1. If the requirement is being out of contact with any His (no Cβ under 7 Å at 6 or more places or on another chain), of a type in the set (Val, Ile, Thr) and touching a residue at least 12 places away in the same chain (Cβ under 8 Å), which of these qualifies: Val159, Val125, Val164, Val144?
2. Going by the structure shown, is Ile155 under 23 Å from Ile35 (Cβ atoms), among the β-branched types (Val, Ile, Thr) and assigned to a helix (DSSP H, G or I)?
3. Kindly evaluate Gly21 against the criterion of being open to solvent by less than 50 Å² (accessible area, probe 1.4 Å), at pLDDT 90 or above, assigned to a helix (DSSP H, G or I) and not basic (Lys, Arg).
4. Are any of the residues in the stretch 111-121 of a type in the set (D, E, K, R), in contact (Cβ under 8 Å) with a residue 24 or more places away in the chain and surrounded by 10 or more Cβ atoms within 10 Å (Cβ to Cβ)?
5. Going by the conditions given, is Ala30 under 15 Å from the mean Cα position of the chain (by Cα) and either without any contact (Cβ under 8 Å) to a residue 12 or more places away in the chain or in a loop (DSSP other than H, G, I, E, B) (or both)?
6. Evaluate the stretch 42-57: report whether one residue or more is in contact with an Asp or Glu (Cβ under 9 Å, 6 or more places away or on another chain) and either closer than 30 Å to Ala119 by Cα or outside any helix (DSSP H, G or I) (or both).
Amino acid sequence: MMKQGRFKLCLQLFCSFFKIGLFTFGGGMAMIPFIQRETVEKHGWIEEKDILEILAISESTPGPIAINTATFIGYQKAGVFGSAAATFGVVLPSFFIISIISLFLKQFMGIKAVEYAFAGIRAGVIALVIKALIKLFKGCPKNVVSYVIIALAFIAAVVFDVNVIIIIISAGLIGLASLLIANNRKKEVTKK
């Protein structure tokens, strides 16, 4: 049986992620500012410095970033029940909205107002993704290796259309190699 405090926390997780799922258009990247506001600023479930690690893990594991993030934060705060509550919270709005839209989509797509609304939503989503990018960049380590990884990842994705999985794994390996080299240099300096 779940304790009263854990049940309340699971309910809060469900409601917060339901709200994120309900009021965010444009997918997981557009949800990042809302996830950060709800989990860090409003509830204090995670710290500002941890959001980058959680997003990096969520992005590099299979599945949508919003669902992975909800599952991870839910599990961290309230175990399996918390992860289930947060995950269902973020998924249910999309499920209901898409189910309803699919019933009426053909009739509405010919309406000019609907076309303009979707064009406006797409423009708004771009702004949200740029905001998320800026926030992630501010939390990213500022060193030569980080800038090289950013540049190489951008070039690989945009110019050469390299698979995202290869980019993520390569960036992780470059970061790990950089850390190992830096640690070896520190050891050599302390030995002298």
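1. Details: Val159 fails: touching a residue at least 12 places away in the same chain (Cβ under 8 Å); Val164 fails: touching a residue at least 12 places away in the same chain (Cβ under 8 Å); Val144 fails: touching a residue at least 12 places away in the same chain (Cβ under 8 Å).
Being out of contact with any His (no Cβ under 7 Å at 6 or more places or on another chain), of a type in the set (Val, Ile, Thr) and touching a residue at least 12 places away in the same chain (Cβ under 8 Å) holds for just one of Val159, Val125, Val164, Val144, which is Val125.
2. Details: under 23 Å from Ile35 (Cβ atoms): no; among the β-branched types (Val, Ile, Thr): yes; assigned to a helix (DSSP H, G or I): yes.
Considered against the rule, which asks whether it is under 23 Å from Ile35 (Cβ atoms), among the β-branched types (Val, Ile, Thr) and assigned to a helix (DSSP H, G or I), Ile155 comes out as no.
3. Considered against the rule, which asks whether it is open to solvent by less than 50 Å² (accessible area, probe 1.4 Å), at pLDDT 90 or above, assigned to a helix (DSSP H, G or I) and not basic (Lys, Arg), Gly21 comes out as no.
4. no
5. In short, no.
6. yes
The values are calculated or read from the model by the stated rules, or taken from the named source; none is laboratory data. Just so it is clear, the structure is predicted and the values come from calculations on it, not from any experiment. So basically every Cβ, Gly included, is an ideal-geometry build from the backbone, and we count neighbours across all protein chains shown. Quick note on the areas: whole protein, heavy atoms, side chains included, nothing else; ligands and nucleic acids left out. Shrake-Rupley method; radii C 1.70, N 1.55, O 1.52, S 1.80 Å.
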